[in-house]
Amino acid sequence: MSFPLFRRLSCLLVLAVFCSLGASRLAAELVWNPDTGWRVEGGALAGLVGVEGRTALDLMNRARNRENRGDITGAIKLYSQVARRYNNSIYAPEALYRNGQLYLRRQQHAKAFNSFQEVINRYPNTKRFNEIIGEQYRIASMLLDGARSRTWGWFPTFTQRNRSIEFFEIILFNAPFSDYAPLALMNIARGHQRLGQSEEAIYALDRMINTYPQSLLAPDAYLKLAETHASLVQGPYYDQASTKEAITYFQDFMILFPNDPSIGESERGLQAMRTMLAESKIKMADFYFYKRDNYTAARVFYNEAITVNPDSPVAQLARERLAAVEQKAAAIKPAAEDTEADAPAVAPQKKRFFFF
């Protein structure tokens, strides 16, 4: 074997061994110690070296010292400088994370959330990924519950529930397979309900049961979906599309989760919606019976009211009205037959022949 070939193979072997060490052995870790300050531990890729490394480390230590003294503004400025000037170093993600914590301490929720998001966008493999998702979820939840952010760290602003919904959507995008994803969708639905946006809430709950059907939150999603549809029902005189949707989801809940503690609540909701639908059928039947003398249509709607909720007082009323329809129809039939019998016979017309 020639020497150049041997040298080439040796280099490839060293490279293979180097790669086999794995990312966990190559990546360095930034550790804080109150006595010694920040220091890089372990890993072949220890970040910056030389003058740049010492400068970045000095900025990080100065920022942490200001943070500990309560000079949040000064600490944020220094951390931002590190993240901007040394964005490819090990210090940058930690600096952005520290900024997020400091903004959160000053109740600047949007800036805190965006700082955490910048870590995920720029350093998706950060070891703090789960921790950051948790912090973002906490920020979104606080805003949804009515927390007021503070401009410049001291001036209170208005509530930002719309912003919380946006933040939950970002969390869902960041970690669609995490435990926070179903929670985020449930909170999105809750936020829309708080804002009176029922259609958007229904869409969020529908995404929840279709995307995460095995989640522990699925029973709550089905029940909330049924209740939200029920809240859109305006009465027996109006369109009953929402009533039918509510019935469907109440039934699905009872079939899929028969042992759920909320099964009684679902049964009451289902009964109320069936009663509403039956009342709507009676209103339609009454219209055809009393206003149009259309006994065929009245029979159809009275029978549908009985079918929808057969054991209810509404069904009993439908049966009584149906009996009245049959009685009136029976009274009209002999009169019609007598009228036909008394009518004079019509003489057959003579055939006419036309000659051309």
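Here are a few things to note about the model shown:
- Complete set of residues in segment 101-118 that are surrounded by fewer than 24 Cβ atoms within 10 Å (Cβ to Cβ) and among the small types (G, A, S): A110, A112
- Looking across segment 223-271, just one residue is among the β-branched types (V, I, T) and part of a loop (DSSP other than H, G, I, E, B), and that is V233.
- Positions within segment 70-125 being aromatic (F, W, Y) and in contact with a Lys or Arg (Cβ under 7 Å, 6 or more places away or on another chain), in sequence order: Y79, Y97, Y103
- Any hit, segment 127-144, residues being crowded, with 16+ Cβ neighbours inside 10 Å, farther than 28 Å from W32 by Cβ and either modelled with pLDDT of 95 or more or under 21 Å from the mean Cα position of the chain (by Cα) (or both): yes
- Selection within segment 179-217 - in a loop (DSSP other than H, G, I, E, B) and either under 9 Å from the mean Cα position of the chain (by Cα) or on the phi > 0 side of the Ramachandran plot (or both): G196
- Flag if D220 is part of a loop (DSSP other than H, G, I, E, B) and surrounded by 15 or more Cβ atoms within 10 Å (Cβ to Cβ): no
The values are calculated or read from the model by the stated rules, or taken from the named source; none is laboratory data. Values in this document were obtained by computation on a predicted structure and should not be read as measured data. Here the Cβ is made from the backbone with ideal geometry for all residues, glycine too, and neighbour counts use every protein chain on show.
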